[in-house]
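All remarks here apply to the structure that follows.
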Amino acid sequence: MRIVRTVQAMRHERAQWTGAVGLVPTMGYLHEGHLSLMRRARAEQEKVIVSIFINPTQFGPHEDLATYPRDIERDLHLLESLGVDAVFLPSASEMYPQGFTTYVVPTGPLVEQGEGEIRPGHYRGVATIVLKLFQIAQPQTAYFGQKDAQQVAVIQRMIRDFNLPIELAIMPTIREANGLAMSSRNSYLTSTERRQTAVLYRALQAGQQVCQQAMPADAQAVREAMQAVVASEPEVTVSYAEIRDPETFFPLTTVQAPALLLIAAQVGSIRLIDNFALHTDGTWDTGVIIAEERKADA
Ligand code: AMP
């Protein structure tokens, strides 16, 4: 496995490959969610590049850039055992050298709602770094997690808007035994908080149940079902519980496929997001709960 720290070296490495290349962008501190993307990339592509970069431009001034969890040694060990071909591990100054000026700025309702409204500038940072990674790694396919549904919509839109020759592969949300969507930031949770967070998954299940009783469902009824479940856990505060169009992120008043049931909540100082997706063909993507012993075990 090559460990590549500069743009020039990554380009050089990439230029020698002729077959299909898959890219898995991450911020590191890898968990089973990340590994599921990499396993799929490994199975589908001739060459797999994983990037680990804690992208400063997607963090707000009061967010956790300085304290974001890191463990590069452990990450590299996991990537090696997965058979990844190259790890792109640039520094912040490599990606944003002095004089850096040009950003990708997604506009309109897609980034003015949901996470975009709560984290102004977040998707500008995401779109900018993802376009840079696409340019450097030149993958045919890029792997992303359904857990960050709005990020998927923003990147899909950017690919269309900029005519990028890249396909997205979207992988289901990998969950802990209690339903909590895996996230590097879950390491901030105390064991009590971790137990309390199970309420998010239960809330999404309650919303799904309302949809399954009668379609098209009344979005207000679905929202209320989700909120009622979260309210049963006083330590968890809902930021939003919404039903949105997966492409435009417009709120839906009646729930018909395709749709996203989205939830965001605060537990202590930690913000958590999660979703269930109802696909056009009527199937649900509710993620995958994995057994404890498989957790972060390549
Ligand atoms: P991050 O390191 O948090 O930026 O995530 C890197 C990639 O892994 C993104 O495409 C995420 O959507 C994806 N990801 C994060 N958590 C999960 C999860 N629990 N299940 C599946 N994919 C995930």
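Structure notes:
- Backbone N under 11 Å from the GLU167 label point (7 Å along Cα→Cβ), restricted to the stretch 99-143: 140-142
- Percent carbon-and-sulfur accessible area, the stretch 200-298, ignoring ligands, DNA and RNA, probe 1.4 Å: 49
- Carbon plus sulfur fraction of accessible area for the stretch 14-159, probe 1.4 Å, in percent: 50
- On full extension, the segment bounded by GLU46 and ILE3 gains 13.7 nm, given 0.36 nm per residue less the C-alpha separation.
- With every protein chain in place and a 1.4 angstrom probe, the accessible-area ranking of ASP64, ASP75, ASP161, largest first, reads ASP161, ASP64, ASP75.
- Figure note: ARG74, ARG175 ranked by solvent-accessible area, largest first, 1.4 Å probe, ligands and nucleic acids not counted: ARG74, ARG175.
- Counting only protein heavy atoms and a 1.4 Å probe, the chain has 46 square angstrom of accessible area per residue.
- Computed label-point distance, nm, for sites ILE72 and GLU94 using a 7 Å Cα→Cβ extension: 0.8
- Per residue, the average separation of C-alpha pairs within less than 8 Å and at least 6 apart gives the stretch 1-60 a relative contact order of 38 percent.
- Taking the square roots of five times each eigenvalue of the Cα gyration tensor of the stretch 98-152, the equivalent ellipsoid has semi-axes of 20, 17, 8 Å, listed largest first.
- Value in Å of the Kirkwood radius, where the chain supplies the Cα pairs that are averaged: 19.9
- The chain: DSSP helices with Cα axial extent of at least 24 Å and average Kyte-Doolittle hydropathy no lower than -0.5: none
- Site pair TYR103 and LEU65 shows an inter-label distance of 1.1 nm when each label is modelled 7 Å from Cα along Cα→Cβ.
- Structure remark: mean-square fluctuation, Gaussian network model of the chain, C-alpha springs under 10 Å; the largest value among HIS62, HIS31, HIS122 belongs to HIS62.
- Derived scalar couplings between HN and Hα for the stretch 184-197 equal 4, 6, 4, 5, 6, 6, 6, 5, 5, 4, 4, 5, 5, 5 Hz in order, rounded to whole Hz, by the Karplus curve 6.51 cos²θ - 1.76 cosθ + 1.60 (θ = phi - 60°), x for Gly and Pro.
- Options GLY268, VAL4, ILE159, ranked by Cα towards positive dipole end of the chain, top entry (Cβ charges): VAL4
- Rounded Å value of the spacing that divides the Cα centres of the stretch 164-203 and the stretch 78-155: 19
- Between GLN205 and SER191, the contour length at 0.36 nm per residue exceeds the alpha carbon distance by 2.8 nm.
- If you look at the Cα atoms of the stretch 1-90, you get an Rg and a Dmax of 13.5, 43 Å.
- Annotation: average projected area of the stretch 184-286 is 6.3 square nanometres, based on the convex hull of Cα atoms across all directions.
- Taking amide H as placed 1.01 Å from N in the peptide plane, the amide H of ALA217 sits under 5 Å from that of VAL255, each at least 5 places away or on another chain.
The values are calculated or read from the model by the stated rules, or taken from the named source; none is laboratory data. Here the structure is a predicted model, which means the values were calculated and not measured. A quick note on method: Cβ atoms are made from the backbone with ideal geometry, for glycine too, and the neighbour counts reach across all protein chains shown. Calculation scope for accessible area: heavy atoms of the full protein, side chains included, ligands and nucleic acids excluded. Shrake-Rupley method; radii C 1.70, N 1.55, O 1.52, S 1.80 Å.
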